[in-house]
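The values are calculated or read from the model by the stated rules, or taken from the named source; none is laboratory data. Just so you know, these numbers come straight off a predicted model, no measurement behind them. No Cβ is skipped: glycine too gets one built from the backbone with ideal geometry, and neighbour counts run over all protein chains shown. These accessible areas exclude ligands, DNA and RNA; they are computed on the full protein's heavy atoms, side chains included. Shrake-Rupley method; radii C 1.70, N 1.55, O 1.52, S 1.80 Å.
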Amino acid sequence: MLGWKKNIFPVSLLFVLFLLDGLIASYFNQALHTSLGYVAPRLTIVGLMLLSLYLSKGYLLTLTLVFGFLYDSYFTGFLGIYLGAICLMVYLIYQLRLYVKPSLAVYSIVGILMLTLMELFVFSVYDTINLISISYDYFFAHHLGGTLIFNGIVFVLAYGVVEQFLMDFSDSSSRSVL
């Protein structure tokens, strides 16, 4: 495979997902308030989770830092909250991929778990610095469920669509231990 495809595809994918995050959140704001609670699209984060299953550690870290910084600077007023959460999440997925058998079911469970931990981490930081005034009960009941269901479905669909394409980019030494 040509080297430029290996570098361009992940950046292009994340950039498109980053733009879609903003578009969905702004144009479909009323539709995101569902009976399950508020649905927060996290397409960029889902993309980083998918890429963390296949890319080498150095390139993955660079992408995570760049898009974590962009995510913070565009979607929040504070730099570092999502950057730290996303970096931690991607690092944990990268480490877990060395120990779990690769399958859609396992990766979906890991993805849901990581999204849950990231959302809880971000909410806890916001709560600690008094940026929000809702309780943990409200957060779990009216935010987390809808967000996890939506992003879990996106993860499964995206995994199915891009798995073969991403397999070409996989780090052969790390994939061989799976």
Legend entry - Residue within region 55-72 that is open to solvent by 40 Å² or more (accessible area, probe 1.4 Å), among the small types (G, A, S) and not in a helix (DSSP H, G or I) present: yes
Legend entry - Answer residue from region 77-114, given it is among the aromatic types (F, W, Y) and closer than 20 Å to S56 by Cα and is least open to solvent (accessible area, probe 1.4 Å) among those: Y107
Legend entry - Members of region 121-162 that are free of Cβ contacts under 8 Å to residues at least 12 places away in the same chain, over 19 Å from G84 (Cβ atoms) and not small (G, A, S): I134, D137, Y138, F140, I153, L157, V161
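Restricting attention to region 17-43, and to residues there that are assigned to a helix (DSSP H, G or I) and more than 15 Å from F155 (Cα to Cα), which single residue is least open to solvent (accessible area, probe 1.4 Å)?
Looking at the filtered set, the residue picked out is G22.
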